[in-house]
1. Give the residue, chosen from 166, 58, that is crowded, with 17+ Cβ neighbours inside 10 Å, outside any helix (DSSP H, G or I), touching a residue at least 12 places away in the same chain (Cβ under 8 Å) and touching a strand residue (DSSP E or B) at 6+ places or on another chain (Cβ under 8 Å).
2. Tell me the residue from 84, 122, 68, 96 that is part of a loop (DSSP other than H, G, I, E, B) and more than 14 Å from the chain's Cα centre (by Cα), please.
3. Looking at the structure I just gave you, is residue 68 at pLDDT below 95 and either out of contact with any strand residue (DSSP E or B) (no Cβ under 9 Å at 6 or more places or on another chain) or surrounded by 13 or more Cβ atoms within 10 Å (Cβ to Cβ) (or both)?
4. If I ask for residues that are outside any loop (DSSP other than H, G, I, E, B) and in contact with a strand residue (DSSP E or B) (Cβ under 7 Å, 6 or more places away or on another chain), which ones from the range 125-144 would you list?
5. Select from the range 15-30 the residues that are free of Cβ contacts under 8 Å to residues at least 24 places away in the same chain and assigned to a helix (DSSP H, G or I) and write down the one among them that is farthest from residue 94 (Cα to Cα).
6. Just one of 35, 42 is crowded, with 18+ Cβ neighbours inside 10 Å, touching a residue at least 40 places away in the same chain (Cβ under 8 Å) and not in a loop (DSSP other than H, G, I, E, B); which is it?
C-alpha cells in the first residue's frame, strides 16, 4: 500500500486577493510560510520515501520549507501533472469567493482535469509501491485527486485550506 500525504501549498499573495492563479507561479505570503512550517508537525512522525510536487513556484517553495523543517533528505520529483487547473484566458482574474464564472473554451475541461488526476494516481502507485509519498500541490487539483480516488464528484470533497494535510492509501 502506498500512503499519499496530500499537502496544499501555503497561502499566496494571489490567494489572499482571490485571484485565479492556475499556472501562475504564485508568491507565498508570510502567513503561507508559517502555515508550511506548522504543517510539519502533522508530518513529523512519518519517514518519507519521496516527495512529488507541482513544479509551480508556490509548491516548490512550500516543498523546500517543509522538507527543510522535517530534516528529511528525500528525492523530490517536480511534475506538471500536479499543476493547478489551467484557467486559460481567465488566469489572473479576481473572483469573489463562491462567485460563478462563465468558463471560456480555453479553460482546462473538467474531464481533462480528472484524467490528469487519474494519471497521477496511476503513476505514483506504480512508481512508488509501498512507499510514503509527500504530495505537494494545489487546492482544486487535490480536491479533484481525492474525488477521482473515491470515485465521487469533486463537490462531495471538502476543499482543503492552505497547508492542510490529508492522507489517502492506494
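The values are calculated or read from the model by the stated rules, or taken from the named source; none is laboratory data. Note that the structure is predicted; figures quoted are calculated from it, not measured. Using ideal geometry, Cβ is built from the backbone for each residue, glycine included, and neighbour counts are taken over all protein chains shown.
1. The unique qualifying residue is 166.
2. Being part of a loop (DSSP other than H, G, I, E, B) and more than 14 Å from the chain's Cα centre (by Cα) holds for just one of 84, 122, 68, 96, which is 96.
3. No, not satisfied.
4. 132, 133, 134, 135, 136, 137, 139, 142
5. Top of the filtered list is 30.
6. The unique qualifying residue is 35.
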